[in-house]
């Protein structure tokens, strides 16, 4: 630490007690004005008495002066002790004292049994303020405080201290410095924290300010913590009621943990449970299976049984509800594929509507998830406007108008005529399209055959091909949507695909294209924005986000089926929320706090001592070696030391007075 000769001035915590120094006049008055009554004694001769008087007079006067001096010094130091003297640094004057209390969730760990870290910081701050002079200036800042612009009195500071509670908004050291910088160029800065490495960042004092930064570490017991890092839905078979959630658990402590129990709960009903052993500093994946029908309104949470760190034991999730896909089937008057109607006529999963080409309801077309263009020789240009809103499936007739197909697909189209039906196979089972379609990686579709009558060239994703690696079923991308196509009519003349077992899952999976967006189980509150996919939005109606009694009206943008919501910077709690447009529910979401605070590693004593040694503005105060905290801690003698010195000196002089009276 930077060393220099510091000239110190002494001041007092209770200067009014110094009026007691007037009491020093009493022994002086008693000394000069003795009220003893003189008694006359008849004596025959005073010759020898005169000689004795000259001999003992000087010694008696010396005794009186020593007793008087001891009595005055005793009274002086006892009054000084009760005034509580302190030393202030003359070379480093400050405008006031700023106390920053880290009230992040990591400070909820226990320091001792029954006392959490935040309460310890508040106790030390209370002692610090109460021992300061009455005219001292203070300010209190916490993680959720705004920028401080003025100083407070002692009482005002104590009142503000009583309002401090735990916050879910951790701040880095640089953010703390920005908050405090508007208050003063010269101040004494006390920073009480557990110094969590994942949140504090670099500890660099401001270069253009003369601050006395005093780091006070609160040693909370956070050596062991298990938390949910993330969770996601495992891909299951299409429309399988039994779902699986993979939960990634992390142990950020330095102790192995055994038998950590976790529960999947929906509206206080236990849905699934498991337990796991996790080694220190590692992670483990736990898969929870559950019946989707037991999840109430898609809202659920994972609860952990973990101690002593418990602020991150609950992890909220929102399971996307099974969506009924809106299917629009359009065909010319004289032709349509009945196999399509049979597949999508299942009202449990589909809202199926069929139109002839001369009676199309374009309102329903715009709200559809999946549109089947069946048997169109010439694809009408009016459908082009819907390519940015819908997924399409094209089933060609025998003869096509190439230019209309090329326009709609934005690819080169060729009319071909295979002479015989050729066997078909799946090009790549690892293609994301086939996730959840088959329950094995060895699918035999050897009996599936087809004769192609069109071929699509260019950037095409082939899903099913013939034995000569020519595409039969594929898709092309159009921004965020897909246009699927078969390479022949679905009639017996060209293919047996409608009679094959793979036809149903393939058609189901194509219709799920409207649900291709990843619906996350949760969103992170530390983000500025969250993105919601919805097409049921009316900009003329008020948008609200609701959770119980909590409601907020967000800033938002709505662009092409995506709703971008701005999260408020503070005040929002983790939990399950409903997004309503007017009175219509458009989405349920789950919000969780950032997991950054769950990483429990902190700055050690040696690391704090190194910061102290490398900067003359930083002083680390090892509170474990102190009984209390004072304004001058680390920069001079504390008031406790001066109080003790004054008290010892007063006792010394009262003892001296007794000895002078007894032996002189």
Contact list, first residue from the stretch 339-351 and more than 13 Å from residue 326 (Cα to Cα), second anywhere and in a loop (DSSP other than H, G, I, E, B) and modelled with pLDDT of 90 or more, beta-carbon distance below 9 Å, six or more apart or interchain, is 339/490; 340/490
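If you check residue 492 against the conditions, is it under 30 Å from residue 456 (Cα atoms) and either without any contact (Cβ under 8 Å) to a residue 12 or more places away in the chain or part of a loop (DSSP other than H, G, I, E, B) (or both)? Full working, then the answer.
On the way: under 30 Å from residue 456 (Cα atoms): yes; either without any contact (Cβ under 8 Å) to a residue 12 or more places away in the chain or part of a loop (DSSP other than H, G, I, E, B) (or both): yes.
Against the criterion (under 30 Å from residue 456 (Cα atoms) and either without any contact (Cβ under 8 Å) to a residue 12 or more places away in the chain or part of a loop (DSSP other than H, G, I, E, B) (or both)), residue 492 qualifies.
Would you check which residues across the stretch 445-475 are more than 21 Å from residue 504 (Cα to Cα) and in contact with a helix residue (DSSP H, G or I) (Cβ under 8 Å, 6 or more places away or on another chain) and list them? Write out each step before concluding.
Of all residues in the stretch 445-475, those more than 21 Å from residue 504 (Cα to Cα) come to 453-460, 467-470.
Selection gives 454, 456.
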Hey, among the residues in the stretch 527-537 that are under 21 Å from the mean Cα position of the chain (by Cα) and outside any strand (DSSP E or B), which one's nearest to residue 168 (Cα to Cα)? 527
With 295, 271, 245 as the choices, which residue is farther than 24 Å from residue 166 by Cβ and touching a residue at least 60 places away in the same chain (Cβ under 8 Å)? 245
Looking at residue 520, is it at pLDDT below 90 and either surrounded by 17 or more Cβ atoms within 10 Å (Cβ to Cβ) or in a loop (DSSP other than H, G, I, E, B) (or both)? yes
Given (1) surrounded by fewer than 18 Cβ atoms within 10 Å (Cβ to Cβ); (2) over 26 Å from residue 572 (Cα atoms); (3) in contact (Cβ under 8 Å) with a residue 12 or more places away in the chain, identify the lone condition not met by residue 207. (3)
Which one is surrounded by the most Cβ atoms within 10 Å (Cβ to Cβ), of the residues in the stretch 138-176 that are assigned to a loop (DSSP other than H, G, I, E, B) and touching a strand residue (DSSP E or B) at 6+ places or on another chain (Cβ under 7 Å)? 142
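For residues in the stretch 428-440 being on the phi < 0 side of the Ramachandran plot and buried (at least 18 other Cβ atoms within 10 Å of the Cβ), which is modelled with the highest pLDDT?
Just the residues of the stretch 428-440 that are on the phi < 0 side of the Ramachandran plot, to begin with: 428-435, 437-440.
After this cut, where a residue has to be buried (at least 18 other Cβ atoms within 10 Å of the Cβ) as well, the list is 433-434, 437.
Numbers: 433: 85, 434: 82, 437: 73.
Top of the filtered list is 433.
Quickly run through the stretch 120-137 and pick out the residues that are assigned to a helix (DSSP H, G or I) and touching a helix residue (DSSP H, G or I) at 6+ places or on another chain (Cβ under 9 Å). Let's see the steps before the verdict.
First pass over the stretch 120-137, keeping only residues assigned to a helix (DSSP H, G or I): 120-130.
Hits for the stretch 120-137 are 120, 121, 122, 124, 125, 126, 129, 130.
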Given (1) touching a helix residue (DSSP H, G or I) at 6+ places or on another chain (Cβ under 9 Å); (2) part of a helix (DSSP H, G or I); (3) closer than 25 Å to residue 570 by Cβ, where does residue 179 come up short, assuming only one miss? (1)
Of all residues making up the stretch 538-554, the number that are within 23 Å of the chain's Cα centre (by Cα) and surrounded by fewer than 12 Cβ atoms within 10 Å (Cβ to Cβ): 3
In the stretch 351-394, what count of residues is obtained for those that are within 21 Å of residue 486 (Cβ to Cβ) and part of a loop (DSSP other than H, G, I, E, B)? 11
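The values are calculated or read from the model by the stated rules, or taken from the named source; none is laboratory data. Source: prediction; values computed, not measured. Cβ atoms come from the backbone with ideal geometry, glycine included; neighbour counts cover every protein chain shown.
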